[in-house]
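What follows is calculated from the coordinates using simple rules that are stated; it is not laboratory data. Given the structure is predicted, the values throughout are model-derived calculations rather than measurements. A quick note on method: Cβ atoms are made from the backbone with ideal geometry, for glycine too, and the neighbour counts reach across all protein chains shown.
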Amino acid sequence: MVTPLPEQAPTDRGAGSDIRVAAIAKGFGNYPALHGVDLDIARGELVALLGPSGSGKTTLLRIIAGLERPDSGTVMFDGEDATGLRVQDRRVGLVFQHYALFRHMTVYGNVAYGLRVRARRRRPPRAVIRERVRSLLDLVQLAGFEDRYPAQLSGGQRQRVALARALAIEPKVLLLDEPFGALDAKVRKDLRRWLRDFHRASGLTTIFVTHDQDEAMEIADRVAVLNEGRIEQVGSPDDLYERPASPFVMSFIGETVAVEVVTRNGVARIGGQRINTALDGIGDGPSLLYLRPGEISITAPGPGTLAGRVGAIRRTAAGYRVEVAIDGLAAAIDVLAEKVEAKPGDRIGLALARTRLFPGELRSAS
Amino acid sequence: MSDAVLLRAGPQAAIRGVTGEGRRTRAVLIAVAVAFLGLFLFMPLAVVFVEALRRGAGAYFAAFADPDAQAAIRLTLTVAAIAVPLNLVFGVAAAWATAKFDFVGKSLLTTLIDLPFSVSPVVSGLVYVLVFGANGLFGPWLRAHHVEIIFALPGIVLATVFVTFPFIARELIPLMQDQGSAEEEAALTLGAGGFKTFLTVTLPNIKWGLLYGVLLCNARAMGEFGAVSVVSGHIRGLTNTMPLEVEILYNEYNLVAAFALASLLACLALVTLLLKSLLEWRYGHAIAGTGAH
């Protein structure tokens, strides 16, 4: 379905460059956007930069592209220092958040731009350019749209023109800034699948920025989670979900419930009730227990469970969302269950399949 | 069917729109506006042409045969031909700098761009006399090197450039700010150099706004009186532009010649208005910077 690009021989190890970002720091005025970020991206890898707005993910992408100059640190392409390299010489295919198509050029003009602006001795002959644009438009399924202007295209079509334009220069790395952010749900789903298929076929090193954890987990080989200008964790989607390195990663990826825990003499208690959990080096004092709603189950009260009372029960698409007030705790927590036998007001026990303890205190009831 | 329409229209017509005025208020407002326009715009315009043609077409065209009048027309065209391209370059540079970059003193620059609008043209003319005039700051040095600025073409051009500077910059700044730098950045990532990016991406995006600014700038450059009057020295046949020549002819009670020249300026204004309206009608969204993109 996806034709591999000529002049890029996909190998087992993928195509494009490997990228090493070391100790990158960048500030805008007094506002620090990135403090000392390290990231290694292998050749042919598909990596997501995930984080809330203001986390520095777009700044990092722009620094890799060469549109932003870091205050300190280095960017290496294939082991060569590219920090001082001009954006024109980096050969990065950048797809902008709002596409940034040339509004006064046709689709053909947009895709051909990167080839036409080359110095005469490096510029391919007209027939080669035409052939290349045609194959790129085939690739993004926009054959026959050559003479349209960007204003005459839908959001998804513009996005694909932007992709074809970026690919025309045979980039060493494909960079996408919030590629699906401005599209409606159906188009977004199609384009996600298209991007994954394209990456599988071309093996081109690809980095994309997103604030949507589902998108990152679904598409990327590895995800780098950014928060306040730092990388909190880099790992496969499974790693991030199963073994989050910090409370931020835990709560940013997937739904979580945080419960306050007090440890004394090596025994952790919730609302005075003793729980069995690995302490992982947590000392005496308050700490936070992070739970996923699906990893808590409702059973009969008894030893090894947390005693509580059932509150409201609400129907969701997949099952039920049950509010449980744990004895001795102020705030109720949500439990997801496929079936619920208990009724509101019943006393029950909660069995915890997994527990993750992090240092910290609950700041506000969330 | 027409009954149904009437039935539906009936009750609605009785309800007055929230912002709707009474019929009489509307009539009065329109009458005031039309009367004002007629009294202060159409009547003077008509007077210019009526006075110019009072002694017939022969006298009208004879006025243009006068060598001084021809010199004035030539000078005005020369000044505009120098001042407008200069301001085209300055205006694009200033708009580019303020719209696409952040730097210290940017708000000062934007304020300074507006200065020619807020300063009386006579004052700006006077400043050039004080700087470049015979007794001015550089006066002795300029005289020693046989450079004439005041009471010569360079002074008139300088004054005109100053007075007409804001037209192009003012037109382009909001347009370029609205368009942002994403397209330029895209061109850079695709390998285009800075100048090539400007030629192939920036310029095509601003061309209609630029043309609009040039049009206004040109109209003002040809019609400028105050600043030019101070620096020109009113030497007939040498440093008199059309507006200055009109004044002198009028003061000599040579009404037909004065109004004939004035009618030429009026025609220029009308052509400018026409082109401006055409541009607005055809490329309004591109000029205002709200392209459908």
- line: Packing-ranked peptide list from B:31-43, B:235-247, highest mean Cβ count within 10 angstrom first, is B:235-247, B:31-43
Percent RCO, i.e. relative contact order, over chain B, from Cα pairs under 8 Å lying at least 6 residues apart: 29
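Convex hull volume of the Cα atoms in segment A:306-366, per residue, in Å³?
In segment A:306-366, the Cα hull volume divided by residue count equals 112 Å³.
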task: Considering only A:PRO247, A:PRO344, A:PRO70, give the residue with the highest GNM mean-square fluctuation for chain A, with springs between Cα atoms whenever their separation is below 10 Å.
output: A:PRO344
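Filter the trypsin sites (Lys or Arg not before Pro) in segment A:153-186 down to the DSSP loop ones having no more than 15 other Cβ atoms within 10 Å, then list what survives. Before the final figure, lay out the partial values.
On the way: sites: A:ARG158, A:ARG160, A:ARG165, A:LYS172, A:LYS186; in loops: A:LYS172.
When the trypsin sites (Lys or Arg not before Pro) of segment A:153-186 are filtered for loop state and at most 15 Cβ neighbours within 10 Å, nothing remains.
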- prompt: At each listed q (0.18, 0.21 Å⁻¹), what is the log10 of I(q)/I(0) that the Debye formula gives for segment B:71-220 modelled as equal alpha-carbon point scatterers?
  reply: -1.07, -1.25
- prompt: Modelled label-to-label distance, B:ARG74 and B:LEU211, 7 Å Cα→beta-carbon offset: nm?
  reply: 3.2
Per-residue average of Cβ from other chains inside 10 Å of A:86-92: 4
- request: List B:ARG24, A:ARG192, A:ARG69 from most exposed to least, where exposure is judged by having the fewest other Cβ atoms within 10 Å.
  value: B:ARG24, A:ARG69, A:ARG192
- request: Report, as an integer, the average count of C-beta atoms from other chains found within 10 Å of each Cβ along A:98-106.
  value: 6
task: Mind pulling the angle between the C-alpha long axis of helix A:185-202 and the longest principal axis of chain A? Nearest 10 degrees, somewhere in 0 to 90.
output: 60
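With 10 angstrom as the radius, rank A:PHE96, B:PHE90 by how many other C-beta atoms surround their C-beta, starting from the fewest.
The most exposed by this proxy come first: B:PHE90, A:PHE96.
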Overall dimensions of segment A:266-341 as given by Cα atoms, namely Rg and Dmax in Å: 13.6, 41
- prompt: What's the percent breakdown of Cα-Cα distances in segment A:158-310 across 5 Å bins, shortest bin first?
  reply: 1, 7, 14, 15, 14, 12, 9, 7, 7, 6, 4, 2, 1, 0
- line: Averaging 1/r across every pair of distinct alpha carbons in segment B:72-138 and inverting yields a Kirkwood hydrodynamic radius, in angstrom, of 14.4
- prompt: Hey, if you put +1 on the Cβ of every Lys and Arg and -1 on every Asp and Glu Cβ in the protein assembly as shown, which of B:ALA57, A:PHE96, B:HIS234 ends up farthest toward the positive end of that dipole?
  reply: B:ALA57
task: Calculate the all-directions average of the projected area of segment B:234-278's alpha-carbon convex hull, and give it in nm².
output: 3.4
message: Rounded to the nearest 20 debye, what is the charge dipole size of the protein assembly as shown about its Cα centre when +1 sits on each Lys and Arg Cβ and -1 on each Asp and Glu Cβ?
response: 1160
task: Report the label-to-label distance for A:VAL262 and A:ASP214 in nanometres (one decimal), using points 7 Å from each Cα along the Cα→Cβ vector.
output: 4.0
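Provide the three semi-axes, in whole Å and in decreasing order, of the ellipsoid equivalent to the protein assembly as shown as defined by the square roots of 5 times the Cα gyration tensor eigenvalues. Can you show the working numbers first?
On the way: eigenvalues 931, 226, 148 Å².
Each semi-axis is √(5λ); the values are 68, 34, 27 Å.
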query: Across all directions of projection, what mean area in square nanometres is found for the Cα convex hull of segment A:70-142?
result: 7.2
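Can you compute the equivalent ellipsoid semi-axes for segment A:43-168, i.e. the square root of 5 times each eigenvalue of the Cα gyration tensor, sorted largest first and rounded to whole Å?
Details: eigenvalues 157, 76, 32 Å².
Values for segment A:43-168, descending: 28, 19, 13 Å.
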message: Debye calculation, C-alpha points only, no solvent: report log10 I(q)/I(0) for chain B at q = 0.08, 0.09, 0.12, 0.14 Å⁻¹, in the same order as the q values.
response: -0.52, -0.64, -0.96, -1.12
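Once you mark the GluC sites (Glu not before Pro) that are in a DSSP loop and have at most 15 other Cβ atoms within 10 Å, what is the longest gap between them in chain A?
Values: sites that count: A:GLU7, A:GLU228, A:GLU255, A:GLU338, A:GLU341, A:GLU361.
Counting at most 15 other Cβ atoms within 10 Å as exposed, the longest clean stretch of chain A is A:8-227.
On average, how many beta carbons from a partner chain sit within 10 Å of the beta carbon of a residue in B:191-203?
Details: counts 16, 7, 4, 2, 0, 4, 2, 0, 1, 7, 7, 0, 1.
The per-residue average across the peptide is 4.
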- request: Quick one: give the max-minus-min coordinate of the C-alpha atoms of segment B:119-201 along each principal axis, largest first, in Å.
  value: 56, 30, 18
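Over chain A, what is the mean sequence separation of C-alpha contacts under 8 Å (at least six apart), divided by residue count, expressed as relative contact order in percent?
Reported as a whole number, the value is 17 percent.
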query: Relative to the longest principal Cα axis of chain A, at what angle does helix A:155-167 sit, 0 to 90 degrees, rounded to 10?
result: 60
statement: For chain A, the longest principal axis of the Cα atoms and the Cα long axis of helix A:126-139 enclose an angle in degrees, to the nearest 10, of 20
query: Where the only charges are on Cβ atoms (+1 Lys, Arg; -1 Asp, Glu), what is the dipole of chain B about its Cα centre, to the nearest 20 debye?
result: 560
message: If you average the C-alpha positions of segment A:91-159 and of segment B:72-121 separately, how far apart do those two centres end up, in angstrom?
response: 36
statement: Residue-normalised 222 nm signal for chain A, counting each DSSP H run of n ≥ 4 as -39,500 (n - 2.57), nearest 500 deg cm²/dmol, is -7000 deg cm²/dmol
message: Per DSSP helix of 4 or more residues, -39500 (n - 2.57); summed, then divided by the residues of chain B. What does that give at 222 nm, rounded to the nearest 500?
response: -24500 deg cm²/dmol
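Given that compact globular proteins tend to follow 2.2 N^0.38 Å, what is the ratio of the alpha-carbon Rg of chain A to that value?
Working: Rg = 25.1 Å, N = 366, 2.2 N^0.38 = 20.7 Å.
This ratio for chain A stands at 1.21.
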